[in-house]
Amino acid sequence: MLWILTGNEEYWETAFNSGNVWGVREGGLVNRWKKLQKGEILVFYAKSPVKGLIGVGKIESKFKQDKPLWPDEVRLNAVIYPYRFDFQILAVLSPDKWHTEAISILDLPLSIQAGVNPVSNQASVAEITNRLNDRFGINLGVPRAEEKTQPKTG
């Protein structure tokens with residue numbers, strides 16, 4: 001499974017500077033959090049004004065935490081996103097390149113909402129991995145869209 005993590009620049013900076021941790025709030029996103037598995041691919045999407053992928057990683061572990069981490073949690077001195085997971089970074093753009101080199105995926109048929117978004121459409125998964133490979137030169141183990149074998153007719 002491929003997952004898109006969505007957040008603003010401030011949240012990404014916090015995540016990267018706090019040991020590569022992401023989290024979701026109580027409610028509907030907990031069901032998605034429960035489905036996350038170690039080793040699954042995560043793509044990092046920075047929303048407005050960047051609107052693009054800034055990196056890629058893999059899930060390491062899941063945990064629940066009661067320590068404020070993100071800026072809104074620190075301001076309120078309360079945990080809003082207790083369902084957390086940490087990740088290994090495979091490749092990431094430096095923050096000074098987010099606005100100019102983020103990988104656009106706006107042309108793909110994706111539903112990108114807050115937090116954690118599964119991508120189950122295999123054509124979208126293939127195209128995202130193509131773009132990540134082209135930008136970062138990494139192979140995520142997903143065949144490039146043009147490499148998929150076609151059934152033989154005959």
Task: Rounded to 10°, Cα long-axis angle of helix 122-136 versus longest principal axis of the chain - done: 80 degrees
Task: DSSP bridge pairs, segment 1-73: antiparallel proportion in percent, nearest 5 - done: 50 percent
Open item on the list: Between residue 9 and residue 67, how high is the FRET efficiency from 1/(1 + (r/R0)^6) when r is the Cβ-Cβ distance and R₀ = 25 Å? Nearest 0.05.
Closed with: 0.70
Open item on the list: Using a 1.4 Å probe on the protein heavy atoms, what percent of the accessible area of segment 25-154 belongs to carbon and sulfur?
Closed with: 48 percent
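Can you tell me the mean projection area, over all orientations, of the convex hull of the chain's alpha carbons? Units nm², please.
Mean orientational projected area (the chain, Cα hull): 10.1 nm².
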Task: Phi to ³J(HN,Hα) by Karplus 6.51 cos²θ - 1.76 cosθ + 1.60 over segment 86-95, Hz, x for Gly, Pro - done: 10, 9, 8, 7, 8, 6, 8, 6, 6, x
Task: Near-label residues of segment 17-41 by backbone N, under 19 Å of a point 7 Å along Cα→Cβ of residue 78 - done: 23-30
Task: Cβ-derived FRET efficiency at R0 30 Å, residue 123 paired with residue 88, nearest 0.05 - done: 0.70
Open item on the list: For the chain, what does the helix formula give at 222 nm: sum of -39500 (n - 2.57) over DSSP H segments with n ≥ 4, over the residue count, nearest 500 deg cm²/dmol?
Closed with: -7000 deg cm²/dmol
Task: Value of relative contact order over segment 16-56, rounded to a whole percent, pairs C-alpha under 8 Å and six or more apart - done: 24 percent
Task: Residues of type lysines that residue 97 reaches as a straight line, Cα spacing below 19 Å, ignoring anything fewer than 8 places off in the same chain - done: 47, 51
TODO: Convert each backbone phi in segment 104-120 into a coupling constant with the Karplus relation 6.51 cos²θ - 1.76 cosθ + 1.60 (shift: θ = phi - 60°), then list the ³J(HN,Hα) values in order as whole Hz, x for Gly and Pro.
DONE: 6, 10, 5, 7, 8, x, 10, 10, 9, 10, 5, x, 10, 10, x, 10, 9
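The values are calculated or read from the model by the stated rules, or taken from the named source; none is laboratory data. In this text the structure is predicted, and so the values were computed from the model without any measurement. Here Cβ is always computed from backbone atoms with ideal geometry, including for glycine, and neighbour counts include all displayed protein chains. Please note that ligands, DNA and RNA were not included when accessible areas were found on the heavy atoms of the full protein model with its side chains. Shrake-Rupley method; radii C 1.70, N 1.55, O 1.52, S 1.80 Å.
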